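Reading through the structure tokens given below for one structure.
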Amino acid sequence: MLDWLGLMHRQHTVHSMLELDVTLARQAIRERRASTGEALSFTAYVTSCFARAIGEDPRMHALRRGGDELVLFDDVDLTVLVESDVEDAKIPMPHIVRSANTKSAATITREIRAAQAGDVPYARTRRWLPLWLRVPGFLREFVWARVLADPWRRKRLTGTGVVTAVGMFGPGVGWAIPLTIYPISLTVGGISRRPRVITEGADPQHRGERIEPRDCLSLTLSFDHDVIDGAPAARFAARLTKLIESAAGLEQG
């Protein structure tokens, strides 16, 4: 982690803090479990919507090559932090969901749970960690910068976006502000019951409004401002909001 901090601080990251109404999505997940017995991961659902929105606008996960060239990818490879057991402790480990924009929430749920139950990569490499840490910090940072300079290698090693679910550690309102090396990142906070204004009726002249408690999700979207400008970022946030709030894709297997 220390090796990455220098790279993170070089990036000009901007953050957008959102509050989304996920009442319909949570209801759809409960109904699916009642009808099929399969418990979908809410994080997997949000990840599927995030990947779908990126796939619709590949500029959102473009990687820089050299000074001016941006490389765009059709496949959206997202890193998801998965809690795994390492020496009797719960450790968040990165798992890359390949081509996440082509996968349903159910497929991503199964993949995440398989990763949780499977072999932990850190357990296979930790014996080399003490030797690596003996290398001076500035050299380690230089090596990482060189490794990640190639967009295709970087995509293979780290993915092109990341989803972090801090809401798994407790309920309630809260937005995390992450440090990141990714062109686009999504940090999933907690869910709380909050009053929202609900608009009824399709006719603008005869719409009614009422206030009712809704399930509201705290989300932080983070963009590399050297890759993504403000207007495209705002449109992306609006599209992601629409997908998540409408329970998009939950009818898929």
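The values are calculated or read from the model by the stated rules, or taken from the named source; none is laboratory data. Only a predicted model underlies this, so the values are computations on that prediction, with no experimental measurement involved. All Cβ positions, glycine included, derive from the backbone under ideal geometry; neighbour counts span all protein chains shown.
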Which residue is farthest from PHE42 (Cα to Cα), if the candidates are limited to segment 98-117 and must be of a type in the set (S, T, N, Q) and crowded, with 20+ Cβ neighbours inside 10 Å? ASN101
For GLU69, the lone unmet condition from (1) under 26 Å from ALA145 (Cβ atoms); (2) touching a strand residue (DSSP E or B) at 6+ places or on another chain (Cβ under 7 Å) is (2)
So, in segment 61-72, of the ones that are over 17 Å from the mean Cα position of the chain (by Cα) and assigned to a loop (DSSP other than H, G, I, E, B), which residue ends up modelled with the lowest pLDDT? GLY67
Here are the criteria: (1) modelled with pLDDT under 95; (2) crowded, with 18+ Cβ neighbours inside 10 Å; (3) not in a helix (DSSP H, G or I). Tell me which single one VAL76 does not satisfy. (1)
So how many residues does segment 2-41 have that are at pLDDT 90 or above, surrounded by fewer than 16 Cβ atoms within 10 Å (Cβ to Cβ) and of a type in the set (Val, Ile, Thr)? 1
Regarding VAL76, is this residue closer than 18 Å to LEU240 by Cβ, within 15 Å of the chain's Cα centre (by Cα) and of a type outside the set (Lys, Arg)? yes
Scanning for something touching a Lys or Arg at 6+ places or on another chain (Cβ under 6 Å), at pLDDT below 90 and assigned to a loop (DSSP other than H, G, I, E, B), does segment 202-221 turn up at least one residue? no
